[in-house]
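Student: Quick one: structure below, then a few questions.
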């Protein structure tokens, strides 16, 4: 496993794409979060909402480069045929996938941490007094929201890696993942029955996972913060398992 | 590498393919397109699964090797590179996958003569340079077995000469070298042993010299200005004759000295009598004719 | 071959033929890749599938019917009414000396608060049946004196709030179907506020005082309110005496009525000619927020988003696979006029997507509506013209989005990048507008400047100035008119088409 990890790390650091995508994640997350907080319309008495969540809203956009990176980590090798070289060098296919997953999660964790801290700092600078207080209290909910957002990005990377391993084509993989992330929450709006609507919001990887960002009004959430992140983790596990199974059984 | 035997898929890409590759020799692996050469190599490397049979390297399956590149070096597709990564970095990740040091990377780059281009983006490499990079990757683990799929593809004449010498030197160092190719002249000049395949089966598995001798067996080429006369004389003596040129006749069924005696006795003028030396091209065509015909009849049979 | 013909004979005819050949070639390319054709079929099916899902997933059976106004539109018609019959023509006047409202945050919280559209005044109404024709003149919490009739019409009168120091006198005259409203600040100088033609009133109408108090916008939701008005000098001039005043809550049980805040109720009391009336509700057209259980055609077509992802993937792959497999060299060798190749690709892709999208939308709209109605869901009504606009607009939206993906594919030459860029540009802004904690100003800005503005083509709801509500894209109200929103997307696609054509021409293939 260690040599495989070393190889994947060498692969990811010797091309320019991953670095740019990770920088894109940081930039998109901070920029959208800052944009949202600057128009939030706070009054001196309060910001009438969840300021932590507002500051961290950039992940809605920032996850897109993470998805690209994660999909390309495997589908790029399928496109060039390099996957055969990889599997020749490390014939234990699941080890290759695991090494990719670990490397990917690692770099996304670093970028995600920078993005989240940058977003919170931007929110702290932009928001007036009360909103600032909500953010600067590094205790409980804000800390959970920040750490949870980083974890969320890591899980999205794993989900994308799993899907891409299964479908192999990069454009299709990205379409599937972004469809799963973005379309399911929209669809849940039209489901008239409140039970089913809440259920959809509970099981959709994005709306459930980002529940971890909520710091106020926790009771109105369809799913509790950590449980929501657990749902996203479930998606990642299912996608990775399916990817691993297909990788093992298919001819490379 | 020891015995391989496998059947593969509903399309029967490999129909009981079985052969072995011996150390110290360059083994040519030839056959028409779709005969199963690349599939065989992918099976050896554990990339494709088979319904039956096993491919063993030094008595062990590829998937059981802990540091596979130290056992088998291979080149399947020289174009399989990330275009944005430099050649050196491509080798570097492969080295890291085997726990090898970066020093070994520079050694193999030197070995294949890519030093000047090693730090450039691989996307800008010519096909010949990619082949050299692929050879470097195959040599990375200093393996006793080398397996190359069409290594002459896209190489310029200088490159081909280099490759021939290089492959021979690898074999001379005691390695088992398996080279697939459809450039018969290259294999003729490089290989010591031939495995000819068609329809997913081994058609011939023998030394190059033996094969050529087998195809050439008993054939004599006669050069004469009196073709008709010569043919009738030899035919009367029981030989099979065929005019193969304006002044050339192919004769079989009679040894060369008997032909000379007969012609002299009948006062047929001739300028040359030589034992016919078949080229590997002849061998190849002879052996694979059936396979080619089969393939032409059902073109959809095998795609790779 | 084409290039030879076009270079040797620079006539228009030759060029035209060449373009037709390019179109034919691209069409052949498209239809021979099973994955792309499947993608388009999937896109159409998505639209239908989600319409069916929307239709069958909701169950509003047994819910009280939505009141419908004389114009066929859904209305809110719930208010406290102190009324008596009036036969034939006549006139009614009253003075209003106070209108106070409260917006309770918790039960028993009756602090005064401003409800801009709290209404108190005179009304002439066909009957107490919800949705019946009416005309009314009233004072409001924040919009001065208004004359309103038949739910959608609204005319401004004297400005300023009402108080004991600024008493407003109101008068309504009925003459057949013509109702005229007057207002006066001093009781001597009467100013005509408006005249309404209200048909269907019948010979005998109900006249009297009313108080309504709609929910107020509070942050990203609404909160119920209750209002109380003080009236005096109530006089009815009529041909025959009308009888006693009775107080009734009109439309107490109505899907468009949120009800009274806890511990409050409608009532009236009279002492010495002073009427004190308390009421909640509204007499106004229903909006999305007042009819949360209703559905819109746009919601039935939510499958558009899933279809979008499919057509974006196909659009991007239509060009990026050529780059990946170096087929582009073959393509450009067969048709060296590169921008023409691009145009041919765009036309083929756009046409196929349009047809698939139109088929999906034409089936999905009526089917989803029928299923929803069968489940008792009230679907906001649309005219056939609007229905057609929504179907055509949805198809065009999908077609332009796929062309945008094609052009971005040419620009970035990478399938993954193109798919992400276009999905993020078109779908993400819409999601952000739907984020519950997103301020309406941001949501409207996003729906104005991003390609997601194009979802306005699915808008079927009408925004009313006289109803305070949350008019956001999430609720089905777009800041741009349908085709204006579409034009924003078309603009992005047009710019990217030009950039793609220039890059295709300049770059080595």
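What follows draws every value from the coordinates through simple rules; no lab data is involved. Remember, predicted model here, so these are calculated numbers, not experimental data. Don't worry about glycine lacking a Cβ; one is built from the backbone with ideal geometry, like all the others, and counts go over all protein chains shown.
Student: Given the -39500 (n - 2.57) contribution per DSSP H run of 4+ residues, what per-residue ellipticity at 222 nm results for chain B, rounded to the nearest 500 deg cm²/dmol?
Tutor: Rounded to the nearest 500, the figure is -11500 deg cm²/dmol.
Student: Still on this structure, I have one more. Can you sort C:125, C:61, C:192 by how many other beta carbons sit within 10 Å, fewest first? Intermediate values should be presented prior to the final figure.
Tutor: Details: C:125 24, C:61 9, C:192 13.
Taking fewest neighbouring Cβ atoms as first place, the list is C:61, C:192, C:125.
Student: Gaussian network model of chain A, Cα springs within a sub-10 Å range: biggest mean-square fluctuation belongs to which of A:67, A:231, A:212?
Tutor: Result: A:231 has the largest fluctuation of those listed.
Student: Quick one: what Rg and Dmax do you get for chain C from the alpha carbons, in Å?
Tutor: Expressed in Å, the Cα Rg and Dmax of chain C come to 29.6, 102.
Student: Only helical DSSP H runs with n ≥ 4 go in: add -39500 (n - 2.57) per run for chain A, normalise by residue count and round the 222 nm mean residue ellipticity to 500 deg cm²/dmol.
Tutor: -25500 deg cm²/dmol
Student: Next up: Angle check, please: helix B:227-236 long axis (alpha carbons) against the longest principal axis of chain B (alpha carbons), in degrees 0 to 90, nearest 10.
Tutor: For B:227-236 against chain B, the angle is about 80 degrees.
Student: Which whole-angstrom value gives the distance between the alpha carbon centres of segment C:160-186 and segment A:61-115?
Tutor: 74
Student: Report for the protein assembly as shown the percent antiparallel among DSSP-assigned beta bridges with both residues inside it, nearest 5.
Tutor: Roughly 85 percent of the DSSP beta bridges within the protein assembly as shown come out antiparallel.
Student: Between 0 and 90 degrees, rounded to the nearest ten: what's the tilt of helix A:140-167 against the longest Cα principal axis of chain A?
Tutor: Once rounded, one gets 30 degrees.
Student: Same structure, new question: Other chains' Cβ within 10 Å of B:70-83 residues: what's the mean? Please report the intermediate quantities before stating the final value.
Tutor: On the way: counts 0, 0, 1, 1, 4, 2, 4, 5, 1, 3, 9, 4, 10, 3.
Taking all residues of B:70-83 together, the mean is 3.
Student: Follow-up. Listing C:486, C:81 from the residue with the fewest other Cβ atoms within 10 Å to the one with the most, what is the order?
Tutor: Numbers: C:486 22, C:81 27.
With the sparsest Cβ surroundings first, the list reads C:486, C:81.
Student: Now, a different point. Between segment C:112-131 and segment B:17-37, what is the separation of their alpha carbon centroids in Å?
Tutor: If you average the Cα positions of each part, the centres end up 94 Å apart.
Student: Between residue C:166 and residue C:114, what length in nm is gained on full extension when 0.36 nm per residue of separation is reduced by their alpha carbon distance?
Tutor: Value of the extension gain: 17.0 nm.
Student: Rounded to the nearest 0.05, what FRET efficiency do residue B:228 and residue B:156 have when you use their Cβ-Cβ distance and R0 = 41 Å?
Tutor: On the way: r = 47 Å, r/R0 = 1.15.
FRET efficiency, residue B:228 to residue B:156: 0.30.
Student: Turning to a different aspect of this structure: Quick one, can you get me the convex hull of the C-alpha atoms of the protein assembly as shown expressed as volume per residue in Å³?
Tutor: So the per-residue hull volume is 218 Å³.
Student: Arranged by the count of other C-beta atoms within 10 angstrom, fewest first, what order do C:30, C:257 take?
Tutor: Fewest-to-most ranking of C:30, C:257: C:30, C:257.
Student: Mind checking A:56-66 for the average number of partner chain beta-carbons within 10 Å of each residue's beta-carbon?
Tutor: Per residue, the number of nearby Cβ atoms from other chains is 2 on average.
Student: Ok, one more. Expressed as a whole percent, how much of the Cα-Cα distance distribution for segment B:4-207 exceeds 27 Å?
Tutor: The share of Cα pairs beyond 27 Å in segment B:4-207 comes to 28 percent.
Student: Relative to the longest principal axis of the C-alpha atoms of chain C, give the angle of the C-alpha long axis of helix C:338-374, reported between 0 and 90° and rounded to the nearest 10°.
Tutor: Approximately 40 degrees, to the nearest 10.
Student: Grab the DSSP H runs of chain C that are 4 residues or longer, score each as -39,500 (n - 2.57), total them, divide by all residues and round the 222 nm result to the nearest 500 deg cm²/dmol. It would help to have the intermediate numbers written out before the result.
Tutor: Values: 11 runs with 206 residues, N = 509.
That calculation yields -14000 deg cm²/dmol at 222 nm.
Student: Over all residues in C:412-425, what is the mean tally of Cβ atoms on other chains that come within 10 Å of each residue's Cβ?
Tutor: Averaged over the peptide's residues, the number is 6.
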